[in-house]
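A.B. asks: Below you will find the structure I want to go over with you.
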Amino acid sequence: MLTIGSLLLGANSVIAVCYFAISFLIFQGLRRGQEHLLKNPLVLATVIIFFTCAVGHSVHVVGGIVDPRFAQLTMQAQVVVDLLTASIAVIYFALRRQYSLLIDGPLLLAQTQSQLAKAIAELAHAKGNLENAVAERTTELLHANQQLDELLGREQKAQSSSHRTTRKHFRCIFCLGRRLAIYLH
């Protein structure tokens, strides 16, 4: 049959395990590349509050399962832990101006991620525009090169034709000049 004592023992056990896990996970997260947060008193106070609460609930559990002869020792340990927790709670309250870091941190992260997504979309759009402009300019240059090649081909053909005509005329004049010279002699 469940008694109030066994319910308290079970509840304090669960609370102690959760608080130890939370303080451990926060501390581990800070040790993995976020060492600068260890210098933040609010973060440290948060870890310590969870840890001292875990110790306090652990003392309640131990007090509920140990021999009543040790009850006085358990009570003394509980007083020490409670005083430590109260001290940290006062420090935590004194750091209330920094609470916005806890609240605004996720908001700032969301805003930064939103701005990053917008910048990436704008960059992709600009890249698409640039690729289109390069393709258009390439087409224009290819067309201009074809026109220049055609013009150059006509010019060369005209020059070649002109050279042949000029040579032909030169030969005719030369022949006429020789005939005239023979005739005048």
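A.B. asks: Taking SER100 as the residue in question, decide whether it is at pLDDT 80 or above, part of a helix (DSSP H, G or I) and within 30 Å of THR52 (Cβ to Cβ).
C.D. replies: Numbers: at pLDDT 80 or above: no; part of a helix (DSSP H, G or I): yes; within 30 Å of THR52 (Cβ to Cβ): yes.
When the stated conditions are applied, SER100 does not pass them.
A.B. asks: Can you tell me which residue among LEU37, LEU73, LEU83 is open to solvent by 100 Å² or more (accessible area, probe 1.4 Å), part of a helix (DSSP H, G or I), at pLDDT below 75 and of a type in the set (A, V, I, L, M)?
C.D. replies: On the way: LEU37 fails: open to solvent by 100 Å² or more (accessible area, probe 1.4 Å); LEU83 fails: at pLDDT below 75.
Unique residue meeting the criteria: LEU73.
The values are calculated or read from the model by the stated rules, or taken from the named source; none is laboratory data. All values reported here derive from a predicted model rather than from experimental measurement. Glycine also receives a Cβ, built like all others from the backbone with ideal geometry; neighbour counts cover every protein chain displayed. Heavy atoms of the whole protein, side chains included, go into the accessibility calculation; ligands, DNA and RNA do not. Shrake-Rupley method; radii C 1.70, N 1.55, O 1.52, S 1.80 Å.
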